[in-house]
Amino acid sequence: ANGGTNSTSTTYADLTANVTGTLPIANGGTGATTLAAAGLANSSYFLAGEDTEFAVGTSLTLITIAQVLDDGGVYDPTTGKFTAPSDGRYFFNFTGTFRSSANDQTGQGFSFYKDGSSNPYTWSSSNFTGHRNDVRSYSYIFDLSASAYIQCYGYVSGSATTSIERPTFMGFKLG
């Protein structure tokens with residue numbers, strides 16, 4: 001017997017003859033075979049990262065990172081700018097190890113900039129004594145108009161060489 005209580009047999013369906021490239025509307029689909037035909041689109045996204053150290057000063061420094069992924073050409077690694085291709089709500093994250101080459105780091109700071117100005121809600125700084133490495137991650141959601149842009153700025157204070165190790169900047173549109 002196929003199926004039923006205590007059955008050990010298996011029933012297979014030949015899907016090659018009975019399935020088309022569309023999900024029927026009755027099953028939640030639109031009948032379309034592409035996102036564009038269904039009235040949908042991939043959201044723009046990017047991921048920029050490096051496996052080295054990015055030198056920063058003891059005052060806010062623009063952070064530019066080589067891109068790894070970039071859907072739609074929304075990130076410019078030479079300027080560190082993500083430029084919104086359309087109006088909408090966007091999520092951003094920056095992560096890195098803020099460090100001084102000596103054990104004398106006394107503070108660090110970070111801010112997302114929107115259209116060339118610091119956003120007071122994204123500004124973060126801390127002061128301390130005797131640290132060498134501090135892993136930090138910052139996230140924020142912005143409502144952006146088409147062509148608005150986001151950049152990252154950071155600093156590390158200390159008497160030795162200061163940097164952000166393995167910086168990663170990423171973002172995407174939220175629907």
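FYI, it's all coordinate maths here, none of it is from the lab. Quantities reported herein were computed from a predicted structural model and do not represent experimental measurements. Here Cβ is always computed from backbone atoms with ideal geometry, including for glycine, and neighbour counts include all displayed protein chains.
Annotations for the structure displayed:
- Label positions at residue 102 and residue 78, each projected 7 Å from the Cα along the C-beta direction, are separated by 3.7 nm.
- For the stretch 112-122, 3J(HN,Hα) per residue [Karplus equation, 6.51 cos²θ - 1.76 cosθ + 1.60, θ = phi - 60°, Hz, x = Gly/Pro]: 7, 10, 10, 6, x, 10, 5, 9, x, 7, 9
- Estimated FRET transfer efficiency (residue 143, residue 71; beta-carbon r; R0 25 Å; 0.05): 0.80
- P(r) histogram, all alpha-carbon pairs of the stretch 55-138 included - 10 Å bins from 0, percent: 14, 45, 29, 10, 1
- The per residue volume of the convex hull around the alpha-carbon atoms of the stretch 121-175 is 112 Å³.
- Additional length obtainable on full extension of the chain from residue 52 to residue 115, 0.36 nm per residue less Cα span: 19.9 nm
- The stretch 161-167 - phi-based ³J(HN,Hα) in whole Hz, Karplus 6.51/-1.76/1.60, Gly and Pro as x: 5, 10, 7, 10, 8, 6, x
- If the chain linking residue 174 and residue 135 were pulled fully straight, counting 0.36 nm for each residue of separation and taking away their Cα-Cα distance, it would gain 11.4 nm.
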